[in-house]
Amino acid sequence: MLELQITNTTDYKLLIDRIEQILIPSKITITAEATTPILLDNDKSVEGTSAIHNYLDELESFSKQWYTCRCDMFP
């Protein structure tokens, strides 16, 4: 499960939209303790807007590849 920890929803609208579009269970947590946005993915932690966008890019690429029909690979 993905968990995005942010201080408010206004400043991080783009991150929220990206998290909600991914086909992975996720949760958005609003916390005053987060000085920068933090993305938790099981045992992984990614901090900062740029790093989170990069992580989401990789995750989206992986999930697209995962759900692509690979019928040509099997006899």
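Take every DSSP beta bridge with both residues inside the chain and express the antiparallel ones as a percent of the total, to the nearest 5. Let's see the in-between values first.
Values: 8 of 13 bridges.
Within the chain, antiparallel bridges account for around 60 percent of the total.
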So what is the relative contact order of the chain, in percent, for Cα pairs below 8 Å that sit 6 or more residues apart?
31 percent
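Every number here is computed from the coordinates shown, using simple stated rules; none is lab data. This is a predicted model, so every value here is computed, not measured.
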